[in-house]
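> Please find one structure pasted underneath; my questions will follow.
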Amino acid sequence: MRRALVPILLVTTAGGIAACSSTDAKGAIDVTATNSACKVARTELPAGKSTFSVQNDGDDVTEVYVYGKGDEVKGEVENIGPGTSRDLSVDLVAGKYEVACKPGMKGDGIRTPITVTGSGGTKTAAPTRTATVTAIDYEYQGVGGLAFSKGDVVEFRLVNDAPAEKHEMEIFGPGGRALGEVGPTKPGATGTVVVALDRAGAYRLNCGIENHAAMGMKATFTVT
């Protein structure tokens, strides 16, 4: 009598086919945002392009920022409702950064430090111009005299002269393309961002904090 062959199922739990990872098939890094935490699945990343997959497990709308030195905004994703998820892609050179989750889309956020190592990533171009904009009384002052040419690389400086409110400055190019942002800046402080104005046309400034833009904190300038 011949003995029947019984198949054996081999399950690999580490380092093999069935191993689990903190990233998905596309390499996205999981970020779990709650009312009191901002959990980043991996805090050591290689230089270059990375995508954060943000899941909001809190009970309030949230937003997530990636900050560089001096709170320079490297990327953001807004309006992530409870129980929903959105992706945030950034292109980072080696250095120290922070991922900030902001329940209610306000405040400095719950911050998790991350480290980027190795070669790669897109370095910020050296500015050829400097422009100072003052935030006060829910308006941007100093925008009216700004004049730029296509190809200018501008360091925008946001000086917050408001007595109590934080302000920020989002910069959008022709067609609504997001180019960069000075993140929430405290009264008496100055925030900066470097933006390449690579297309002629109308550009827009906007404060994304709560209802500040609706109250008048927005402006436009033209690149020729």
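The values are calculated or read from the model by the stated rules, or taken from the named source; none is laboratory data. Just so it is clear, the structure is predicted and the values come from calculations on it, not from any experiment. For neighbour counting, all protein chains shown are included, and Cβ atoms are generated from backbone atoms with ideal geometry for every residue, glycine included.
> Hey, among the residues in segment 158-169 that are modelled with pLDDT under 95 and among the charged types (D, E, K, R), which one's nearest to residue 130 (Cα to Cα)?
Checking each candidate, the answer is 168.
> Another question, if that's okay. So residue 68 fits all but one of (1) closer than 20 Å to residue 28 by Cβ; (2) surrounded by 17 or more Cβ atoms within 10 Å (Cβ to Cβ); what number is the exception?
(1)
> Do we have residue 163 as of a type outside the set (S, T, N, Q), farther than 30 Å from residue 34 by Cα and not in a strand (DSSP E or B) here?
yes
> From the set of residues in segment 181-201 that are in contact with a Phe, Trp or Tyr (Cβ under 8 Å, 6 or more places away or on another chain) and either of a type in the set (Asp, Glu) or not in a loop (DSSP other than H, G, I, E, B) (or both), which is farthest from residue 148 (Cα to Cα)?
Only one residue tops the list, namely 183.
> Pairs under 7 Å by beta carbon, first residue hydroxyl-bearing (Ser, Thr, Tyr) in segment 169-193, partner assigned to a loop (DSSP other than H, G, I, E, B), six or more apart or different chains?
185/166
> Return the residues of segment 126-144 that are in contact with a strand residue (DSSP E or B) (Cβ under 9 Å, 6 or more places away or on another chain), outside any strand (DSSP E or B) and surrounded by 12 or more Cβ atoms within 10 Å (Cβ to Cβ); say none if nothing qualifies.
Passing the criteria: 127, 128, 138, 142, 143.
> If you take the residues of segment 160-192 that are farther than 14 Å from residue 70 by Cβ and among the hydrophobic types (A, V, I, L, M, F, W, C), which of them is surrounded by the most Cβ atoms within 10 Å (Cβ to Cβ)?
169
> Quick check: anything in segment 108-128 in contact with a helix residue (DSSP H, G or I) (Cβ under 8 Å, 6 or more places away or on another chain) and modelled with pLDDT under 95?
no
> Given (1) more than 15 Å from the chain's Cα centre (by Cα); (2) at pLDDT below 95; (3) more than 18 Å from residue 184 (Cβ to Cβ), where does residue 89 come up short, assuming only one miss?
(1)
> Okay, moving on. Condition check: within 21 Å of residue 219 (Cβ to Cβ) and of a type in the set (Val, Ile, Thr). Does residue 64 satisfy that?
Taking the combined requirement at face value, the residue does not satisfy it.
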